[in-house]
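Heads up, the thing below is written out as structure tokens.
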Amino acid sequence: MTVLELEGEGDDRRLYLSGDWSLPALGQIEAQLRGLPGELRGTLVCDWSGAEAPAMGAAWVLLMRLTEIGAPHLDIRHVGEPHYLELLQNLQASKGRAPAVPDAAESPGPLSELGRWSVLQGRHAETALGFYGGIVRVLGAAFFRPRALRVSSLARHIYETGITAIPIVCLIAFLISVIVAYLGAQQLSRFGADIFVVDLVTISVLREMGVLLTAIIVAGRSGSAFAAEIGVMQLNEETDALRAMGMSPIELLVVPRVLALVIALPLLTIIADAMGLAGGGLLSLLNLHIPLVQFTFRLREALSPTTFWAGLIKAPIFAFLIAMVGTYRGMQVRDSARELGRLTTVAVVQSIFMVILADALFAVLFVKINF
Amino acid sequence: MPQPAPPPVIRVRGLVSRFGSQVVHDGLDMEVHSNEVFGVVGGSGTGKTVLMRTILGLRAPDGGTVELYGRDVRQLAAVDRSSLVRSYGVTFQNGALISSLTVAQNIQLPLREYYPASEKILDQLAELNLGLVGLDVADGGKFPSQLSGGMVKRAALARALSLEPKLLLLDEPTAGLDPISAAAFDELLLYLHSQLRLTVVMITHDLDTLFRTCSRVGVIVDGRMITDTLDGMLQNQNPWIREYFHGPRARAVEKEAHG
């Protein structure tokens with residue numbers, strides 16, 4: 001129990017401290033301090049002898065409060081004070097007048113807000129373009145200096161982004177095509193057009209589903225990994241170290257990842273396509289009783305020569321977008337762990353958005369050119 | 001009837017630390033008494049930081065016991081971790097300030113966790129701890145990434161002091177500081193030690209700091225600790241200790257300290 005008693009009248013008062021003045025009692029101490037009168041004058045004797053093991057923080061809070069209500073007309077003396085009180089008094093004296101807190105900047109009008117935003121976006125666009133340029137330059141230089149491609153690093157990233165992704169890509173492609181075939185069969189069987197389930201599955205998987213789903217999975221797996229890896233290297237000043245040794249982080253860190261993904265994603269897409277067709281075939285066999293021979297025959301009928309390529313051709317573009325966004329966001333990490341988390345999230349969300357946007361553009365383009 | 005002596009602040013008995021087949025500590029004994037500044041010295045890889053982590057209860061010893069104020073750290077850690085952590089303040093090698101919080105928020109973090117108080121009180125306490133370590137109130141609003149190396153060390157010390165521990169454990173407090181900042185840190189430490197009656201355990205390689213601040217030194221050699229006063233260490237015949245305290249760097253510091 002914290003006790004603070006003020007005794008005496010007028011200009012001559014005594015303040016008795018007793019009970020618990022340790023840090024855990026801060027809440028009580030604060031309440032007691034609030035109970036002191038708003039202004040005191042004359043002399044005040046602070047008697048600490050009753051306080052049990054007073055904490056420095058508690059003493060400090062008391063001093064601050066006394067200054068608040070007394071200064072400069074109150075003469076404070078201490079009796080039975082803890083050993084560190086002098087230290088606190090010195091601190092308080094040297095603190096003097098606290099430096100004025102600068103007023104919050106005037107809130108800008110909407111127009112200047114817009115201007116600021118535009119300039120900021122312009123700058124972002126500039127750095128993003130510079131980043132893209134850096135990648136292109138390294139790739140261009142690699143024609144004359146193949147060593148710049150860092151084959152071992154490339155191989156590692158192909159392994160990590162491609163090979164280790166195979167199980168999950170297979171599973172998802174298989175399940176999605178089963179779902180499409182199942183729902184399609186329900187609708188089509190009402191018209192007795194069961195066999196067209198084959199068209200539905202093959203065209204949707206080869207043109208869209210295979211590549212799009214693979215790209216989204218890879219964006220979630222590798223886009224985030226790129227951003228996090230490079231981001232941590234930024235926080236550890238590893239990228240600065242590379243620059244200081246005359247090596248380009250873009251050449252060492254970014255290009256291998258971009259290239260690896262550009263190689264890995266089309267291959268993953270082919271696997272996803274195959275698994276998708278397998279899923280469709282299996283469901284057709286089990287649910288619609290279409291034998292596999294008939295499935296394959298119908299499959300050849302349904303496909304035009306370009307269907308497969310219309311899907312696959314998008315894969316490297318998606319890969320490039322995902323890797324670019326991931327590595328770029330990683331390179332933007334500065335200062336704190338929170339930034340790392342934020343930019344990793346941004347990398348994933350943005351790369352998925354870019355993939356879907358690009359896919360929409362491809363869809364329009366392919367229709368226009370009848371691909 | 002004479003009163004029994006109070007237990008030492010830290011008592012480590014027969015500590016064994018192993019990483020796989022590599023034995024770092026092999027029966028290490030260490031005692032730190034109240035109100036002394038104890039320096040821990042040892043070559044790279046002799047397990048100074050491991051020793052500190054074990055004392056803090058962050059790592060389970062592979063053998064032996066660690067006692068803080070006469071109570072077993074392992075049991076304390078299992079039963080009542082919060083009372084254990086309130087008994088000591090720690091700074092880590094690289095400051096280990098939370099990078100997404102300002103310096104003031106870093107200082108308030110343990111206070112907020114254990115002692116609910118109003119924002120005003122917390123601000124005042126942050127100000128107190130900033131003042132204790134010689135930082136400006138304005139520095140409290142900065143993020144760790146905006147601080148210089150010396151300020152990071154001071155801010156970490158301020159956070160370690162915020163719960164008003166009687167025991168401070170410092171891991172390389174002056175590493176990476178320029179000599180002037182390091183000397184200022186030594187002075188600060190001595191000042192706080194005398195004013196707040198702290199017990200300080202310090203891992204350090206800084207011979208200047210060692211000679212300036214430490215009353216006793218423990219050297220980890222071959223998995224064990226040899227403890228002595230500085231003067232005693234200077235007479236010690238162990239080859240590593242001789243090399244350490246009589247090497248070219250040490251001679252210069254010694255001359256200064258004695259001359």
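The values are calculated or read from the model by the stated rules, or taken from the named source; none is laboratory data. A quick note: this is a predicted structure, and the numbers were derived from the prediction, not measured. Every residue, glycine as well, gets a Cβ built from its backbone with ideal geometry; the counts of neighbours run over all protein chains shown.
A:Val333: in contact (Cβ under 8 Å) with a residue 60 or more places away in the chain and in the same structural domain as A:Thr164 (by TED's automatic domain parsing), yes or no? Answer is yes for this residue. State which residue pairs qualify: first residue under 18 Å from B:Arg251 (Cβ atoms) and inside segment B:211-230, second residue of a type in the set (Gly, Ala, Ser) and surrounded by fewer than 17 Cβ atoms within 10 Å (Cβ to Cβ) in any location, beta carbons under 6 Å apart, and separation of 6 or more residues or different chains. Pairs that qualify, where the first residue is under 18 Å from B:Arg251 (Cβ atoms) and the partner is of a type in the set (Gly, Ala, Ser) and surrounded by fewer than 17 Cβ atoms within 10 Å (Cβ to Cβ), are B:Phe211/B:Ala257. A:Met56 meets each of the listed conditions (1) out of contact with any Gly (no Cβ under 9 Å at 6 or more places or on another chain); (2) of a type in the set (A, V, I, L, M, F, W, C); (3) surrounded by fewer than 19 Cβ atoms within 10 Å (Cβ to Cβ) apart from (3). Every test in (1) buried (at least 22 other Cβ atoms within 10 Å of the Cβ); (2) at pLDDT 85 or above is passed by B:Asp206 save one, and that test is (2).
Would you mind stating whether B:Arg53 is without any contact (Cβ under 8 Å) to a residue 24 or more places away in the chain and under 22 Å from B:Met225 (Cβ atoms)? So B:Arg53 passes the test.
Would you confirm whether or not segment A:340-349 contains a residue that is basic (Lys, Arg) and either within 14 Å of chain B (Cβ to nearest Cβ) or more than 30 Å from A:Glu238 (Cα to Cα) (or both)? Within segment A:340-349, one or more residues are basic (Lys, Arg) and either within 14 Å of chain B (Cβ to nearest Cβ) or more than 30 Å from A:Glu238 (Cα to Cα) (or both). Looking across segment B:121-141 at every residue that is at the interface with chain A (Cβ under 8 Å from one of its Cβ atoms) and either of a type in the set (Lys, Arg) or in contact (Cβ under 8 Å) with a residue 24 or more places away in the chain (or both), the one that is nearest to A:Gln89 (Cα to Cα) is identified as B:Leu132. Selection over segment A:299-347 of residues that are among the β-branched types (Val, Ile, Thr) and in contact with a Gly (Cβ under 7 Å, 6 or more places away or on another chain) gives a count of 4. Screening B:Gly89 against (1) modelled with pLDDT under 85; (2) touching a strand residue (DSSP E or B) at 6+ places or on another chain (Cβ under 8 Å) leaves a single unmet condition, (1).
With respect to (1) part of a helix (DSSP H, G or I); (2) free of Cβ contacts under 8 Å to residues at least 12 places away in the same chain, the lone exception for A:Pro305 is condition (1).
Search segment B:91-120 for residues being out of contact with any Gly (no Cβ under 9 Å at 6 or more places or on another chain) and among the β-branched types (Val, Ile, Thr), and hand back the single one that is farthest from the other protein chains (Cβ to nearest Cβ). Step by step, filter segment B:91-120, then rank; the result is B:Thr91. In the set A:Phe353, A:Phe362, only one residue is surrounded by fewer than 20 Cβ atoms within 10 Å (Cβ to Cβ), over 13 Å from the mean Cα position of the chain (by Cα) and aromatic (Phe, Trp, Tyr); that residue is A:Phe353. B:Leu130 satisfies every condition listed in (1) at pLDDT below 85; (2) within 24 Å of A:Ala337 (Cα to Cα); (3) over 14 Å from the mean Cα position of the chain (by Cα); (4) aliphatic (A, V, I, L, M) except (1).
The residue that is farthest from the other protein chains (Cβ to nearest Cβ), among those in segment A:1-40 that are of a type in the set (D, E, K, R) and more than 51 Å from the chain's Cα centre (by Cα), is A:Glu9. Checking each residue in segment A:298-339 for being within 14 Å of chain B (Cβ to nearest Cβ) and not basic (Lys, Arg) picks out A:Val333, A:Asp335, A:Ser336, A:Ala337, A:Glu339. Which one of these does A:Asp335 not meet: (1) in a helix (DSSP H, G or I); (2) surrounded by fewer than 16 Cβ atoms within 10 Å (Cβ to Cβ)? Every listed condition holds for A:Asp335 apart from (1). Among all positions in segment B:97-104, there is no residue which is under 30 Å from B:Met225 (Cα atoms) and at pLDDT 85 or above.
Go through the residues of segment A:80-87 one by one and say whether even a single one is within 22 Å of B:Glu164 (Cα to Cα), more than 11 Å from chain B (Cβ to nearest Cβ), surrounded by 17 or more Cβ atoms within 10 Å (Cβ to Cβ) and without any contact (Cβ under 8 Å) to a residue 40 or more places away in the chain. The answer is yes, given that some residue of segment A:80-87 is within 22 Å of B:Glu164 (Cα to Cα), more than 11 Å from chain B (Cβ to nearest Cβ), surrounded by 17 or more Cβ atoms within 10 Å (Cβ to Cβ) and without any contact (Cβ under 8 Å) to a residue 40 or more places away in the chain. Checking each residue of segment A:309-332 against the condition of being over 20 Å from A:Val262 (Cα atoms), hydrophobic (A, V, I, L, M, F, W, C) and surrounded by fewer than 16 Cβ atoms within 10 Å (Cβ to Cβ) gives no match. On inspection, B:Asp139 qualifies as crowded, with 19+ Cβ neighbours inside 10 Å, part of a helix (DSSP H, G or I), more than 16 Å from the chain's Cα centre (by Cα) and not aliphatic (A, V, I, L, M).
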